[in-house]
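So the structure is just underneath, and the comments pick up after that.
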Amino acid sequence: MNFEAVKSIYTFEMARMRRTLLQSVISPVITTSLYFIVFGTAIGSRIQTVEGVSYGAFITPGLIMLTLLTQCIGNGSIGIYFPKFTGTIYEILSAPVAMTEILLGYVGAAASKGLIIGLIILATASFFVDIRIAHPFMMVVFLVLTAVTFSLFGFIIGVWARNFEQLNVVPMLIVPPLTFLGGSFYSINMLPPFWQTVSHFNPVLYLVSGFRWSFYEIADVNPGISLAMIGFFLLLCLSVLGWMFKTGYRLRS
């Protein structure tokens with residue numbers, strides 16, 4: 001394992017976060033704060049509690065997950081897409097660096113950025129609502145697994161994308177609707193039976209539900225199933241990347 005190569009890629013990508021602090025950190029925090037103000041005030045005044053938890057506190061895990069998914073996918077995809085776009089990817093591929101080391105550098109940086117933003121959002125939320133974390137260890141497990149999994153997913157998108165339009169299709173047009181419809185702002189138990197069944201086909205539901213359980217011990221889905229779903233998606237992403245590296249899909253041509 002060439003740790004120096006992994007460190008160089010990781011450090012370079014993390015430096016991007018410092019250079020774009022307004023976009024990378026301040027913007028997500030302001031956006032999430034507006035969610036708390038709008039949803040917490042407008043809807044929270046009508047829905048006092050959800051399953052014994054104040055509405056503002058109830059939506060906190062969903063907001064963190066929404067930000068985490070968006071940031072990890074965005075950072076994971078942009079990290080590998082720009083070297084392709086500028087042509088510097090060929091310098092990386094011709095260097096004595098294995099594909100797994102390239103993956104560790106880019107995905108590690110994307111996941112780290114997502115985790116930093118997620119923790120900042122959690123700290124920000126504490127100014128608006130009273131938060132209690134029933135299972136801190138499981139909260140960290142869900143947070144880390146989700147960050148790594150969706151950074152891998154973003155890396156796949158970055159390799160697949162041929163232009164900026166394709167790069168933004170998934171993070172802008174697919175992920176937000178899935179997150180909003182995945183129980184981020186409500187419990188699916190509030191839905192009619194038919195739509196409860198439909199919601200179980202939304203993968204984001206399992207992420208939000210498991211993460212919320214680690215806070216308040218309430219969940220729309222069994223936490224074990226949520227963890228299994230994240231593990232399954234992680235293995236699926238690794239399998240796709242393994243095929244991409246083996247064939248050189250859109251990397252060597």
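For the range 109-226, state the average projected area of the convex hull of the C-alpha atoms over all orientations, rounded to one decimal in nm².
For the range 109-226, the mean projected area of the Cα convex hull comes to 8.3 nm².
Could you tell me how many degrees, from 0 to 90 and to the nearest 10, lie between the Cα long axis of helix 99-125 and the main elongation axis, the longest principal axis, of the Cα atoms of the chain?
Tilt relative to the chain: about 30 degrees.
Gain in length, residue 249 to residue 168, computed as 0.36 nm per residue apart minus the alpha-carbon separation, to one decimal in nm?
Value of the extension gain: 27.2 nm.
Taking the chain as the reference, fit the longest principal axis to its C-alpha atoms, fit the long axis of helix 3-19 to the helix C-alpha atoms, and give the angle between the two in degrees, 0 to 90, nearest 10.
With rounding to tens, the tilt is 60 degrees.
Counting Lys and Arg as +1 and Asp and Glu as -1, each charge on the Cβ, what is the dipole of the range 3-247 about the Cα centre in debye, to the nearest 20?
The dipole magnitude comes to about 320 debye.
Taking the chain as a Gaussian network, where each spring joins two C-alpha atoms under 10 Å apart, which residue of 183, 56, 87 fluctuates the most?
Between 183, 56, 87, it is 87 that shows the largest mean-square fluctuation.
Mind pulling the angle between the C-alpha long axis of helix 136-160 and the longest principal axis of the chain? Nearest 10 degrees, somewhere in 0 to 90.
50 degrees
Taking the chain as a Gaussian network, Cα atoms linked when under 10 Å apart, which of 188, 26, 230 shows the biggest mean-square fluctuation?
26
Can you give the net charge of the other residues whose Cβ lies under 15 Å from the Cβ of residue 191, counting K and R as +1 and D and E as -1?
Result for the local shell: -2.
Ratio of alpha-carbon Rg to the 2.2 N^0.38 Å globular estimate for the range 99-159, to two decimals, please.
Ratio of Rg to 2.2 N^0.38 Å for the range 99-159: 1.32.
Taking N as the number of residues in the range 1-60, what is its alpha-carbon radius of gyration divided by 2.2 N^0.38 Å?
1.83
Need the full-extension length gain, residue 7 to residue 21, defined as separation in residues times 0.36 nm minus the C-alpha distance. One decimal, nm.
2.9 nm
Between residue 98 and residue 137, what's the calculated FRET efficiency when r is the beta-carbon distance and R0 is 30 Å? Round to 0.05.
Here the calculated transfer efficiency is 0.40.
Would you mind computing the Rg to Rh ratio of the range 3-247 from its alpha-carbon coordinates, Kirkwood style for Rh?
Rounded to two decimals, Rg over Rh is 0.99.
Starting from the Cα-Cα distance between residue 54 and residue 232, subtract it from 0.36 nm times their residue separation and give me the gain in nm to one decimal.
Fully extending the segment from residue 54 to residue 232 adds 60.9 nm.
Charges only on Cβ, +1 for Lys and Arg, -1 for Asp and Glu: so what's the dipole of the range 45-143 about the Cα centre, in debye to the nearest 20?
Roughly 160 debye for the range 45-143.
Which residue, 95, 57, 123, has the most motion in a Gaussian network model of the chain that connects Cα atoms within less than 10 Å?
Its mean-square fluctuation being the largest, the pick is 95.
Each value in this text was obtained by applying a stated rule to the coordinates, not by laboratory testing. This is a predicted model, so every value here is computed, not measured. Using ideal geometry, Cβ is built from the backbone for each residue, glycine included, and neighbour counts are taken over all protein chains shown.
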